[in-house]
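Remarks on the structure that follows.
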Amino acid sequence: MILLVTSNKDPASQNIARQVLSHYPFTKTTENFQENPTYAATINGKNVTLITLNEEAVNAQHLPDNFPDSSIIVFLSRHSSQNGKPTLSVHTPGNLGPAELGGLPRAVSVSPAAAMRDALKALTYLKEGMQLDYEVSYECTHHGPSLNTPAMFVELGSSPEQWNDSKAAEAVAHAAILAISKFGAAESTAVLGVGGTHYNRSFTRMALNGEAIFGHIIPKYAVHLADSSMLKQCVEKTVEKVDCAILDWKGIKSENKHGLLAALQEIGLPYQKI
């Protein structure tokens, strides 16, 4: 079963949910979750359930306990940033360091690399086709929850103006559905991304050009947290086999480079510098 998750605390999430329900054959079930209606549909032969939380999605740490049969959990969410730049983004949740916004400290979710790539490509296609003035980007792995189930956020941001944009919300809805409709198809390998900014344009471009499928992405500001234990966790908690790390070499602080290479060598993960 595939789980789509929205939140009553999140206006963008509710906007995206309305688009999902209006464009796809979901029907209301007899079940409720947190006193909210639950909807179900069959999409490309896959059973999909849509639920609404009464809490912020970042705090949904125990969600898999209620839905143990979930093969992937997709959070439909707002994206926030100080600059308010219109952005459609995709990322895996989890904490590379302390749990400052939900989840568990030094614990990441399982990254569905191919599904994230599919969502990223769909967002780019829809942005162009629907003439949306938005940037499409991977985000690095950040914030909770930290789940032992494949999980990703597909987000609409970065300010209230975009959260209430029904056209952009429709694009997010279509991208999420397209990604889950393909989930489980055979993929070869994924890569671990390290370095660069929170929104890594090089990694985004590589994925869109078919050069690599990224699972976890560790940004410049968190490379100091990437010891061998954390790197190993990011590799092991990816749906696809991770065969190497891609290093945004100029986007890594000089003082962190030696330790990073030593940690990669310790876990036996090859790397490429870009």
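The values are calculated or read from the model by the stated rules, or taken from the named source; none is laboratory data. All values derive from a computational prediction rather than experimental measurement. Here Cβ is always computed from backbone atoms with ideal geometry, including for glycine, and neighbour counts include all displayed protein chains.
Of these, SER202, SER159, which one is within 30 Å of VAL20 (Cβ to Cβ) and not aliphatic (A, V, I, L, M)? Of the residues listed, the single one that is within 30 Å of VAL20 (Cβ to Cβ) and not aliphatic (A, V, I, L, M) is SER159.
Selection of the range 165-180 for residues being within 25 Å of LEU3 (Cβ to Cβ) and surrounded by fewer than 17 Cβ atoms within 10 Å (Cβ to Cβ) yields only SER166. In a residue-by-residue description of the range 67-85, the property of being under 21 Å from VAL172 (Cα atoms), surrounded by fewer than 23 Cβ atoms within 10 Å (Cβ to Cβ) and aromatic (Phe, Trp, Tyr) applies to no position.
Taken over the range 212-237, the criterion of being in a helix (DSSP H, G or I) and within 15 Å of PRO150 (Cα to Cα) is satisfied by GLN233, CYS234, VAL235, GLU236.
Condition (residue is among the small types (Gly, Ala, Ser) and over 26 Å from THR149 (Cα atoms)) applied to the range 261-272: is it met by at least one residue? Yes; the residues of the range 261-272 include at least one that is among the small types (Gly, Ala, Ser) and over 26 Å from THR149 (Cα atoms).
Screening the candidates GLY84, GLY94 for the property of being modelled with pLDDT under 95, within 21 Å of ASN200 (Cα to Cα) and touching a Ser or Thr at 6+ places or on another chain (Cβ under 7 Å) yields one hit, GLY84. Screening THR238 against (1) under 28 Å from GLN82 (Cα atoms); (2) of a type in the set (S, T, N, Q); (3) surrounded by 17 or more Cβ atoms within 10 Å (Cβ to Cβ) leaves a single unmet condition, (1).
Residues of the range 74-131 that are over 11 Å from the mean Cα position of the chain (by Cα) and aromatic (Phe, Trp, Tyr): TYR125 alone. Of all residues in the range 123-139, exactly one satisfies the criterion of being out of contact with any Ser or Thr (no Cβ under 7 Å at 6 or more places or on another chain) and crowded, with 24+ Cβ neighbours inside 10 Å, namely LEU123. Among the residues of the range 211-236, the one identified as over 18 Å from the mean Cα position of the chain (by Cα) and within 23 Å of ALA179 (Cβ to Cβ) is GLU211. Of the conditions (1) farther than 24 Å from PHE214 by Cβ; (2) buried (at least 20 other Cβ atoms within 10 Å of the Cβ), ASN47 satisfies every one except a single condition; which number is it? Going through the list (1) farther than 24 Å from PHE214 by Cβ; (2) buried (at least 20 other Cβ atoms within 10 Å of the Cβ), ASN47 breaks only (2).
Quickly run through the range 184-211 and pick out the residues that are part of a loop (DSSP other than H, G, I, E, B) and either surrounded by fewer than 22 Cβ atoms within 10 Å (Cβ to Cβ) or modelled with pLDDT under 95 (or both).
Those that are part of a loop (DSSP other than H, G, I, E, B) and either surrounded by fewer than 22 Cβ atoms within 10 Å (Cβ to Cβ) or modelled with pLDDT under 95 (or both): GLY184, ALA185, ALA186, GLU187, SER188, THR197, HIS198, TYR199, ASN209, GLY210, GLU211.
The set of residues in the range 1-40 that are within 18 Å of SER159 (Cα to Cα) and surrounded by fewer than 17 Cβ atoms within 10 Å (Cβ to Cβ) comprises ASN8, LYS9, PRO11.
ALA168 falls short on exactly one of the conditions (1) under 29 Å from LYS250 (Cα atoms); (2) aliphatic (A, V, I, L, M); (3) out of contact with any Gly (no Cβ under 6 Å at 6 or more places or on another chain); (4) not in a loop (DSSP other than H, G, I, E, B), and that condition is (1). Residue check: TRP249 meets all listed conditions (1) surrounded by 16 or more Cβ atoms within 10 Å (Cβ to Cβ); (2) over 10 Å from LEU192 (Cβ atoms); (3) hydrophobic (A, V, I, L, M, F, W, C) but one, namely (1).
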